[in-house]
Structure formats: C-alpha cells, structure tokens
1. Can you go through 239, 173, 210 and tell me which one is part of a helix (DSSP H, G or I) and modelled with pLDDT of 95 or more?
2. Take the range 223-235 and flag every residue that is modelled with pLDDT of 95 or more and either assigned to a loop (DSSP other than H, G, I, E, B) or in contact with a strand residue (DSSP E or B) (Cβ under 7 Å, 6 or more places away or on another chain) (or both).
3. Assess whether residue 185 counts as being in contact with a helix residue (DSSP H, G or I) (Cβ under 8 Å, 6 or more places away or on another chain) and either closer than 19 Å to residue 210 by Cα or surrounded by fewer than 21 Cβ atoms within 10 Å (Cβ to Cβ) (or both).
4. Looking only at the range 67-100, count every residue that is surrounded by fewer than 18 Cβ atoms within 10 Å (Cβ to Cβ), in contact (Cβ under 8 Å) with a residue 60 or more places away in the chain and more than 20 Å from residue 208 (Cβ to Cβ) and tell me the total.
5. Consider residue 218 carefully, then state whether it is modelled with pLDDT under 95, within 20 Å of residue 78 (Cβ to Cβ) and not in a helix (DSSP H, G or I).
6. Can you go through 200, 215 and tell me which one is under 19 Å from residue 117 (Cβ atoms) and exposed (fewer than 13 other Cβ atoms within 10 Å of the Cβ)?
7. Residues in the range 176-206 that are in a helix (DSSP H, G or I) and either touching a strand residue (DSSP E or B) at 6+ places or on another chain (Cβ under 7 Å) or within 22 Å of residue 240 (Cβ to Cβ) (or both): how many?
8. Pairs only if they're at least six apart or on different chains, beta carbon under 6 angstrom, first in the range 128-146 and at positive phi, second part of a loop (DSSP other than H, G, I, E, B) and buried (at least 24 other Cβ atoms within 10 Å of the Cβ); list them, first residue then second.
C-alpha cells in the first residue's frame, strides 16, 4: 500500500491549492465590491472642479486669442522684458490695457534680447508668418550701443518698414535715443533717423520709447537701461495714445 502514498499526497496538495485559489479569488471580489460601494461613480452632470474650470477658461481664452487680429511687438530686450516677470513686460501690459478698454486684439511678444536692426531684418519673414495687422517696431538701440553707423541702422529699419508695409501691415515706429557720452554728432544722427523715417513713410510715431522712464532710478532696473514693471506701465501709457487711433473697437475678420 505504500506505493499509493505519493499519489495521495499529490492529490491532496492539488486539492488544497484549488481551495486556496478559490478563497483568494473570493477575497479579491469582496474587496472590489467594497471599494465600489464606498466610492460611488461620478455623475456625467457633476460640475467640474475649480481647477478644471480654470483650465477650461484658459483654453477658451487661448482659442479666442488665436482668432483675434494680431499686434506684434517687434524689438529687442526692451520688448522682451529682460529682467522682469513675463506678465510685466510691455506687450503683456499692453494686452491687459487693450482688454480693459474693450479692444479685441492679440498682442504677440516678438522681442529678442540683443537684437540689432540687421537681425530684425532677417526675422521679418518670421514676423509676417503670424499675419499681423499692426507691428510695433522697436529696434536700433543695440546698434547705437555698438557704434554702428546710423546710415546702416537707418537702411535696415527702412527695409524692415518696406517689407512690412508691402504686406499691408501698419507699422508703429518707436524712436530711441542714446546717452550723451557717445558724442553729440553721433547721438544727433542716431536720434534723427527715427522722425525722418516716420515722415518719409507717414508712420504712427512714438518719438522716444523710454519717454518718462529713462534716467529715472525708480522706473529702471539696476543696469539703468531696462525698465522695471512700473517703468513698462509708463511706456504703455504713452504707447496707447499712439496705438489707439489705429484700433477698431470691435474688429472683424483678419488675423
């Protein structure tokens, strides 16, 4: 009879494993049922959470912005907003100002720190890809600080203006001035090219982009060149007076 013992033990082990497996499956099912009972399913009509509402609102706003006519802020670090939070740059503040006044435009920050007029000329096609209605042209300051001949700077600005206008874009020209330590002759030639271009092409003109901000410590960062958020607010105050006559209260069509 001893030769039956291994088979009997084997059969008993299999039976035990089957019972254990059924017990484990039963426990898992009970746990699942308990979880389902303690966590009722969400109703499709349940209101979204606050975070979901904010996300949806942001998506709606971005979608609306895409459909609005564009104002492109085309410039250097003064446009980028170097040294301040993105929401304190002048394009961001201009966007909020226009929104508050009921103008439905999308302001695009196309500033590049260190940009010269030569670099800007190379970027014109990229700017035109966004199909702007208005371009605020703020370039030339870095040319002046590098001692570039004003005739070269003027030529680059003129070509940028011509390219933009050929595509039906309204150009708002922002003038710039240099510190007096660059010499009277150079600074006079440099500053004079902006009103000359504005007259030649009959452009809406902001005579000095940093009007009311330059040399004022409370409105400039430690470098004495780049405005603070409050300094950019002053810039937007002046810019809006030039820009507003060009805007439609409720523009239609175009992008």
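1. 239
2. Scanning the range 223-235 gives 226, 227, 228, 231, 235.
3. No; evaluated as a whole, the condition is false for this residue.
4. 4
5. Working: modelled with pLDDT under 95: yes; within 20 Å of residue 78 (Cβ to Cβ): yes; not in a helix (DSSP H, G or I): no.
When the stated conditions are applied, residue 218 does not pass them.
6. On the way: 215 fails: under 19 Å from residue 117 (Cβ atoms).
So the residue among 200, 215 that is under 19 Å from residue 117 (Cβ atoms) and exposed (fewer than 13 other Cβ atoms within 10 Å of the Cβ) is 200.
7. Looking only at that region, the number is 5.
8. 140/176
The values are calculated or read from the model by the stated rules, or taken from the named source; none is laboratory data. Since the structure is predicted, the reported quantities are computational estimates derived from the model, not experimental observations. No Cβ is skipped: glycine too gets one built from the backbone with ideal geometry, and neighbour counts run over all protein chains shown.
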